[in-house]
1. Considering only residues of the range 1-15 that are exposed (fewer than 12 other Cβ atoms within 10 Å of the Cβ) and under 21 Å from Thr76 (Cβ atoms), which is farthest from the chain's Cα centre (by Cα)?
2. Go through (1) within 10 Å of the chain's Cα centre (by Cα); (2) open to solvent by less than 40 Å² (accessible area, probe 1.4 Å) and name the single condition Ile93 misses.
3. Here is a list of conditions, (1) modelled with pLDDT under 95; (2) touching a strand residue (DSSP E or B) at 6+ places or on another chain (Cβ under 8 Å), and Thr87 meets all of them except one; can you say which number that is?
4. Using beta carbons and a limit of 8 Å, which pairs, at least six apart or on different chains, have the first residue in the range 68-84 and closer than 18 Å to Gly21 by Cβ and of a type outside the set (S, T, N, Q) and the second one in a loop (DSSP other than H, G, I, E, B) and open to solvent by 80 Å² or more (accessible area, probe 1.4 Å)?
5. Within the bounds of the range 22-40, is there any residue that is open to solvent by less than 80 Å² (accessible area, probe 1.4 Å), in contact with an Asp or Glu (Cβ under 9 Å, 6 or more places away or on another chain) and in contact (Cβ under 8 Å) with a residue 60 or more places away in the chain?
6. Would you call Val68 open to solvent by 70 Å² or more (accessible area, probe 1.4 Å), of a type in the set (A, V, I, L, M, F, W, C) and in a helix (DSSP H, G or I)?
7. I'd like the residue in the range 33-72 that is among the hydroxyl-bearing types (Ser, Thr, Tyr) and at pLDDT 90 or above and, out of all such residues, is farthest from Ile9 (Cα to Cα).
Amino acid sequence: MQKFLSIPITGATNQLVAVNGIVLIQEAVANTVTIHYANPAAAQDVVTLTCSGSTGTAARDLIQNAVVEALQTAWTKPSYEVNLGATVTVTGIAIA
């Protein structure tokens, strides 16, 4: 069963991001979290989250923890709402 993170985006509705196929979550540069997916048809698919209020790897850690928690939910709950807390906000999302 496919699982999704429901990520709140500032000034927009929540965005669903697939959990299955993730191979790496990293903070490549300050205030940017990248989620890398395995894709046999291409080299890689990458979702980039632009964050504010994040210090160090706080945003990355929140996303990683949300993936673990999403995978622990019942199969009847395909979407898991990410709680970014009071200090981290996602201001943009892109896929490449």
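The values are calculated or read from the model by the stated rules, or taken from the named source; none is laboratory data. These figures come from a predicted structure and were not determined experimentally. Positions of Cβ are generated from backbone atoms using ideal geometry, with glycine treated the same way; all protein chains shown enter the neighbour counts. Accessible surface is based on the protein model in full, side chains and every heavy atom, while ligands, DNA and RNA are left aside. Shrake-Rupley method; radii C 1.70, N 1.55, O 1.52, S 1.80 Å.
1. Among residues in the range 1-15 that are exposed (fewer than 12 other Cβ atoms within 10 Å of the Cβ) and under 21 Å from Thr76 (Cβ atoms), the one farthest from the chain's Cα centre (by Cα) is Met1.
2. (2)
3. With respect to (1) modelled with pLDDT under 95; (2) touching a strand residue (DSSP E or B) at 6+ places or on another chain (Cβ under 8 Å), Thr87 is out only on (2).
4. From the range 68-84, the pairs are Trp75/Met1; Pro78/Met1.
5. no
6. On the way: open to solvent by 70 Å² or more (accessible area, probe 1.4 Å): yes; of a type in the set (A, V, I, L, M, F, W, C): yes; in a helix (DSSP H, G or I): yes.
Yes; evaluated as a whole, the condition is true for this residue.
7. Step one: filter the range 33-72 for residues among the hydroxyl-bearing types (Ser, Thr, Tyr), giving 34, 37, 48, 50, 52, 54-55, 57.
With at pLDDT 90 or above added as a condition, the list becomes 34, 37, 48, 50.
On the way: Thr34: 15, Tyr37: 21, Thr48: 12, Thr50: 9 Å.
Step by step, filter the range 33-72, then rank; the result is Tyr37.
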